[in-house]
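Coordinate-derived values only; no laboratory data. As the structure is a computational prediction, the values presented were derived from the model and not from experiment. Methodologically, a virtual Cβ is constructed for each residue, glycine included, from the backbone with ideal geometry; neighbour enumeration extends over all protein chains shown.
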């Protein structure tokens, strides 16, 4: 009886140890992101979070799965609030109610992951390659902007692979927010659109004031 | 009997002496005077994370922060500052030099947030701990009759960290510190593996923290 118990204990222990050594990682990002510290421009935008984007689960390789959808929606909601004063978030283009707004449709081109056994460095790395389709409310294309984001986290002794990849993915998402804040209005076509929109708004104001 | 005890004592002393780290600190300050800090002011320690092959780890930053906390110095946790000022101190956006810091502080909302948090000085910490060299071998075996490890292994570790102090009011650099800490750790396999670890990183942290603490002098509001 004692022998059977010992064998069972040894089997359970071995299973725990082996599962701890497993090289697969399934990550779900549930954290919140801070509000951006920026003054938005007096412009309007409609952000289209299509279901394929808001429920996106990245599978960069057969052993890794990152549920990134809801986290990236939370991040982009915060980031766009620092760029536009008037915002609308919708799930499809048909739901847009704003006039004279920039329509932004984000999508993911690719997610890549690199672990210490791949890069021979003591870091876990995550790349998220976004694409932002920028259009007018009439459907004319303004631009299609490729926006790569990167995050890395150091390898820690006995730390789980999932936790390290999750942390690197969060840093990559924060980097996406930083990239957006830093470079969005530097895109020449976006800058031109913003200038034109402000000019139209000024003309509309003058027309309202004059008899 | 006496000789074997003496030998054992000698061996223990040699091993323990071998487990201490050699730490060097270089300091640069434009003036010899301590940096004045009001009792309401706070310091924030930030790690540089823009290098490709290493990261200044958060554990080290909090360790230095803890060492500095004595002597009425108030230290704001790194993540709290980075979140409050998001996204301007992310690896992509953090100012690398004073010129960029000056441009950043021209933004009213950033300056207001820094004032709201009462941050007077920002200390950048940059560096890492690396294993330089390792030698020896250790083999472990387990069988029905028991198990054990036999052999000897050793490795050298080097911690190099630099601290740069920025004044967020004057937008100037107030000083620099560099700490190098090196030491060898041993693992002796005599049935059970017996480690003799040299605390290279914690030595670097303690030295840097204590030296940085000496940079500042806290003035009460009544003294001014």
> How far is helix B:2-18 tilted, in degrees, relative to the longest principal axis of the Cα atoms in chain B, given as a value from 0 to 90 rounded to the nearest 10?
Replying inline: 30 degrees
> Which FRET efficiency value, to the nearest 0.05, do you get for residue B:160 and residue B:109 by plugging their Cβ-Cβ distance into 1/(1 + (r/R0)^6) with R0 = 35 Å?
Replying inline: 0.45
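Nearest 0.05, what FRET efficiency do residue B:5 and residue B:150 give at R0 = 22 Å with Cβ-Cβ as r? Could the numbers behind the result be given before it?
Numbers: r = 24 Å, r/R0 = 1.11.
Computed FRET efficiency for residue B:5 and residue B:150 comes out at 0.35.
Semi-axes, largest first, in whole Å: what does sqrt of 5 times each Cα gyration tensor eigenvalue give for the stretch A:54-211? Write down the numbers at each step before the final one.
On the way: eigenvalues 298, 44, 32 Å².
Here the semi-axes work out to 39, 15, 13 Å.
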> For chain A, what is the percent of antiparallel DSSP beta bridges, rounded to the nearest 5?
Replying inline: 70 percent
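Mind checking B:88-94 for the average number of partner chain beta-carbons within 10 Å of each residue's beta-carbon? Display every interim value, and only then the final one.
Working: counts 6, 2, 9, 7, 11, 6, 1.
Across B:88-94, the average partner-chain Cβ count within 10 Å equals 6.
Pop the C-beta distance of residue B:169 and residue A:183 into the FRET formula with R0 = 22 Å and round what comes out to the nearest 0.05.
Working: r = 30 Å, r/R0 = 1.36.
Rounded to the nearest 0.05, the efficiency is 0.15.
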>> I need the Debye-formula profile for the stretch B:84-224: one equal scatterer per C-alpha, no solvent, reported as log10 I(q)/I(0) at q = 0.12, 0.13, 0.18 1/Å, two decimals.
In response: -0.70, -0.75, -1.07
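Residues of A:35-47, mean number of Cβ from any other protein chain within 10 Å of their own Cβ, rounded to a whole number?
Details: counts 3, 5, 12, 6, 3, 0, 0, 0, 0, 0, 0, 0, 0.
Whole-number average of other-chain Cβ neighbours for A:35-47 is 2.
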> Roughly how many whole Å is it from the C-alpha centroid of the stretch A:113-188 to that of the stretch B:32-50?
Replying inline: 31 Å
> Separation between the residue A:146 and residue A:110 pseudo-spin-labels, each 7 Å from Cα along Cα→Cβ, expressed in nm?
Replying inline: 0.9 nm
> Per Stokes-Einstein, at 37 °C and 0.692 mPa s, what whole-number D in µm² s⁻¹ belongs to the protein assembly as shown, with the Kirkwood radius over Cα pairs as the hydrodynamic radius?
Replying inline: 127 µm²/s
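State, as an integer percentage, the relative contact order of chain B based on alpha-carbon contacts under 8 Å between residues 6 or more apart.
Numbers: 419 pairs, mean separation 67.1, N = 224.
For chain B, the relative contact order is 30 percent.
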> Given a cut-off of under 8 Å on Cα pairs at least six residues apart, what relative contact order in percent is computed for chain A?
Replying inline: 18 percent
> How long is the gain from residue A:77 to residue A:121 if the chain were fully straight, where each residue apart is worth 0.36 nm and the alpha carbon distance is subtracted?
Replying inline: 12.5 nm
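Can you tell me the length gained on complete extension of the stretch residue A:52 to residue A:32, counting 0.36 nm per residue apart and subtracting the Cα distance? Please report the intermediate quantities before stating the final value.
Values: separation 20, 0.36 × 20 = 7.20 nm, distance 2.07 nm.
Here the segment from residue A:52 to residue A:32 would lengthen by 5.1 nm.
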>> Can you tell me the orientation of helix A:161-183 relative to chain A, as the angle in degrees between its alpha-carbon axis and the longest Cα principal axis, to the nearest 10?
In response: 10 degrees
> From a point 7 Å beyond the Cα of residue B:36 in the direction of its Cβ, which residues of the stretch B:144-172 have a backbone N at a distance under 18 Å?
Replying inline: B:166-172
>> Rounding to the nearest 10 and keeping the result within 0 to 90°, find how far the Cα-based axis of helix B:200-215 lies from the longest principal axis of chain B.
In response: 30 degrees
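Kindly work out what percent of the DSSP beta bridges joining two residues of the protein assembly as shown are antiparallel, to the nearest 5.
On the way: 81 of 106 bridges.
Roughly 75 percent of the DSSP beta bridges within the protein assembly as shown come out antiparallel.
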> Pulled fully out, how much extra length does the chain show between residue B:29 and residue B:218, if you take 0.36 nm times their separation in residues and subtract their Cα-Cα distance?
Replying inline: 66.3 nm
